[in-house]
Amino acid sequence: MLHLLLGFFLTLSGFGFLQRVESLGINYGQVGNNLPPPEKVLDLLRALKLTKARIYDTNPQVLTAFANSSIELIVTVENDMLATLMDPNQALQWVYTRIRPYFPATRITGIAVGNEVFTGDDTTLLTYLVPAMVSIHAALVRLGLDQFIQVSTPNNLAVLQESFPPSAGCFRAELNGIMPQFLQFLATTKAPFWINAYPYFAYKDNPDKIPIDYVLFNPNSGTVDPNTKLHYDNMLYAQVDAVTYAMAKMGYGGLEVRVSETGWPSRGDPNEIGATLENAAIYNRNILRRQLANEGTPLRPKTRLEIYVFALFNEDMKPGPTSERNYGLFQPDGTMAYNVGLSALSTTTTTSSTSLPSISLTSDATQVN
């Protein structure tokens with residue numbers, strides 16, 4: 001069925017990406033009992049000409065299916081593995097059995113060590129995270145894979161104590177002990193800071209004060225950071241720049257920020273304001289358009305922002321409110337959950353510099369371009 005549907009929508013004029021969008025990825029979650037096999041998922045990604053995907057484990061079926069494809073893949077170490085992988089020998093064994101057999105046929109480019117550890121309920125994981133990352137990176141070095149595979153961890157936006165205006169961005173005080181260790185690791189290994197950023201949550205919690213067009217990337221008057229005079233026409237870019245400023249305050253202003261997750265639910269419970277098909281379509285359509293233009297944030301306008309949209313499929317077994325099961329661009333049978341306007345995305349992309357400027361906190365160095 002999925003194969004037939006793919007063949008159908010690809011014959012429609014204008015559907016599919018006419019060229020690859022190098023800075024756009026998709027999160028391929030698998031918490032469902034009705035999802036298509038990885039081979040069919042690969043067909044879908046190829047049809048859309050997406051080149052980057054992220055999975056939440058090291059599923060051998062996915063790693064095997066994606067071999068000899070053009071898809072760059074980020075894999076994940078589950079949170080409950082962090083304590084074990086602090087041990088360098090265990091980390092070496094993990095990389096040797098979970099990564100090495102599939103690389104380079106499968107283009108594994110990143111290892112996400114845990115997910116949202118800094119803001120999780122299990123605070124013991126905090127002491128495991130950086131040692132596990134160090135051990136995994138050391139294993140990659142030993143096997144000659146470190147130049148191909150980056151090691152980082154996706155962070156919830158709640159790592160920030162302040163996020164607005166962006167120049168006020170700073171990390172939560174209780175993270176002041178471990179955050180410098182984490183940032184030093186990223187700087188040493190030249191890995192990015194991954195952030196899971198969802199403007200939807202900010203809007204849902206405060207719909208009377210946050211303009212819907214500002215969170216959806218629709219035309220709006222935006223807001224100006226009073227300290228830097230930089231203008232923001234959407235919340236996501238403001239959130240990303242807040243992370244950059246928070247890192248700069250710890251002496252790591254040169255690190256790259258990438259959005260490991262962002263999305264918008266197409267359905268929700270009655271109290272989940274804004275979770276509609278229309279808003280989901282608008283948000284993701286506008287994300288795709290911005291990515292085709294290789295945009296950067298106001299702080300780094302010439303450095304394209306890499307974004308992974310959440311998610312490829314609606315996942316029927318995810319716990320929590322209704323919205324959690326309705327972030328997908330597609331239904332499990334391969335039909336679109338809603339039209340993200342792929343036919344409107346056939347514009348010509350422009351080449352943007354990927355060089356990353358460093359920032360300091362002096363008044364004359366904040367408007368980096």
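The values are calculated or read from the model by the stated rules, or taken from the named source; none is laboratory data. The structure displayed is predicted, hence computed values, not measured ones. FYI the Cβ positions are ideal-geometry reconstructions off the backbone, even for glycines, and counts take in every protein chain you see. These area figures cover heavy atoms from the full protein model, side chains too; ligands, DNA and RNA do not enter into them. Shrake-Rupley method; radii C 1.70, N 1.55, O 1.52, S 1.80 Å.
Kirkwood hydrodynamic radius, segment 56-190, all distinct C-alpha pairs: what's the number in Å?
15.6 Å
If you average 1/r over every pair of different alpha-carbon atoms in segment 210-322 and take one over that average, what Kirkwood value in Å do you get?
15.5 Å
Have a look at segment 110-201 and give its Rg and Dmax from the Cα atoms, expressed in angstrom.
13.9, 44
Debye calculation, C-alpha points only, no solvent: report log10 I(q)/I(0) for segment 265-319 at q = 0.19, 0.25, 0.30 Å⁻¹, in the same order as the q values.
Rounded to two decimals, the profile gives -0.79, -1.01, -1.19.
Once the cut-off is 23 Å, how many percent of the Cα-Cα pairs in segment 135-281 end up in the long-distance tail?
That tail contains 44 percent of the Cα-Cα pairs.
Let me know the charge dipole size of the chain about its Cα centre in debye, to the nearest 20, where only the beta-carbon of Lys, Arg (+1) and Asp, Glu (-1) is charged.
1040 debye
Could you check what % of the DSSP bridge pairs in the chain are antiparallel, to the nearest 5?
That works out to approximately 15 percent antiparallel.
Compute the convex hull volume of the Cα atoms of segment 249-292, divide it by the residue count, and report the result per residue in Å³ as a whole number.
It is 118 Å³ per residue.
Amide H to amide H under 5 Å from LYS52: which residues, 5+ apart in sequence or cross-chain, H placed 1.01 Å off N in plane?
ILE26, GLU72
Counting only residues 5 or more places away or on other chains, whose amide H sits under 5 Å from the amide H of GLN161 once H atoms are built in the peptide plane?
CYS170, PHE171, ARG172
From the gyration tensor of the Cα coordinates in the chain, what semi-axes in whole Å does the equivalent ellipsoid have, largest first, with each one equal to sqrt(5λ)?
Ellipsoid semi-axes (Å, largest first): 29, 28, 20.
Please compute the per residue accessible area over the chain with all protein chains in place, 1.4 Å probe, rounded to a whole number of Å².
Averaged over the residues of the chain, the accessible area is 41 Å².
Hey, what did the chain get for relative contact order, percent, Cα under 8 Å, at least 6 apart?
Relative contact order here is 18 percent.
For segment 182-251, state the average projected area of the convex hull of the C-alpha atoms over all orientations, rounded to one decimal in nm².
5.8 nm²
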